[in-house]
1. Pick from 110, 115: which is open to solvent by less than 40 Å² (accessible area, probe 1.4 Å), touching a residue at least 24 places away in the same chain (Cβ under 8 Å) and under 21 Å from residue 49 (Cα atoms)?
2. What are the pairs with Cβ atoms under 9 angstrom where one residue, in segment 231-255, is in the same structural domain as residue 191 (by the TED database) and among the small types (Gly, Ala, Ser) and the other, located anywhere, is part of a loop (DSSP other than H, G, I, E, B) and open to solvent by 40 Å² or more (accessible area, probe 1.4 Å)? Sequence gap at least six, or different chains.
3. Report, ordered by the first and then the second residue, all pairs with beta carbons closer than 8 Å, sequence separation of six or more or different chains, a first member in segment 138-155 that is part of a loop (DSSP other than H, G, I, E, B), and a second member that is open to solvent by 50 Å² or more (accessible area, probe 1.4 Å).
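The values are calculated or read from the model by the stated rules, or taken from the named source; none is laboratory data. Fair warning: this is a prediction, and the values are worked out from it, not measured in the lab. When we count neighbours, we look across all protein chains shown, and the Cβ atoms used for this are built from the backbone with ideal geometry, even at glycine. Note: accessible area is taken over every heavy atom of the protein model, side chains too, but ligands, DNA and RNA are not part of it. Shrake-Rupley method; radii C 1.70, N 1.55, O 1.52, S 1.80 Å.
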Amino acid sequence: MPMDYIKRILVIVDPTAAGHPSIDKAALLAEKFNARLELFVCDTKAAREMRLSSHLRSKPDAPLPTNLKGELESLAAPLRERGLDVTTETVCAEPLHVGLIDRIRHTSADLVVKDTHHHSLAQRTFLTNTDWQLIRACPVPLLLTKGAPWAETPRIVAAVDPGHVNDKPKILDHWIIEHASLIAQRLHGELHVAHVYLPLAIIGVATTVNQIVAAAAPEELALEEKNRRELVSSLVAEYDVPPKNIHLELGGPGQMLPLAAERINADVMTMGAIARSGLKRIFVGSTAEDVLEKLPCDALIVKPPQFGEHVAL
């Protein structure tokens, strides 16, 4: 199903943050897709304590503002003036990610947009951070945004892995390109495709790119690149991607995808997530978890059909 069906966008608003780049980007997408917006706050004990601490430092003699609904309405007002259909909602829930997933399912959102921030190693390792919980359990496409605004002609990159080294569903690469392509079209941007690979003949022989190059004969590397380019070109044939917008990277995805995003000057990197039945973790395409940490741009996480059926909270 193409991303053209996006009619409802849920924006997760952090009540402890001073700025909300996610709202600006979601509003632009809502304009381009003629979609409804919901600005949503899930309040928690930890968020209330953070707001109280910040308030006591900045305005110790003033009462603590408690009207989150009113704050959301003030964020919604200028969007409505632009002609957007915007609703607001607040709930209290513990833990945070459960309240967020419940709201996503209740509203039948087609796209979820959330600001993201750098996480500590401990949070990444134990997946306690809300972003990772959403990546694992959000049943619809999830756009994790950073502070930098999109370029006037944004570059949307589809990270694909034809060959399905990690046993991901064949449809997922098509899903990734479909989403990236439509975003690029609606934003009048450029569609790029990136594929990171290790030469099959020497996987296990070398552990770094330099060792790979040293271990492989030039003709082996040339043949592998030719085969990979043919695979990617076949995959994107119906999307009219110029050859110069197809990027092959030799190495591991944890290192090379962020570098590719930097070289391409990407605004959004689109990647796939797959669930393993019976496991609480997810695999983001063929990538390691630290890809998202190192990306210099926003990330759109796309799920295959029936993703939510395989993951329980």
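1. Answer to the check: 115.
2. From residues that are in the same structural domain as residue 191 (by the TED database) and among the small types (Gly, Ala, Ser), the pairs are 251/198; 251/208; 252/198; 252/207; 252/208; 252/288; 254/288; 254/289.
3. From residues that are part of a loop (DSSP other than H, G, I, E, B), the pairs are 139/105; 149/24; 150/28; 151/265; 153/188; 153/190; 154/190.
Residue-by-condition table, conditions (1) out of contact with any Leu (no Cβ under 6 Å at 6 or more places or on another chain); (2) modelled with pLDDT under 90:
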| residue | (1), (2) |
| --- | --- |
| 227 | yes, yes |
| 245 | yes, no |
| 254 | yes, yes |
| 262 | yes, no |
| 266 | yes, no |
| 270 | no, no |
| 274 | yes, yes |
| 293 | yes, yes |
| 304 | no, yes |
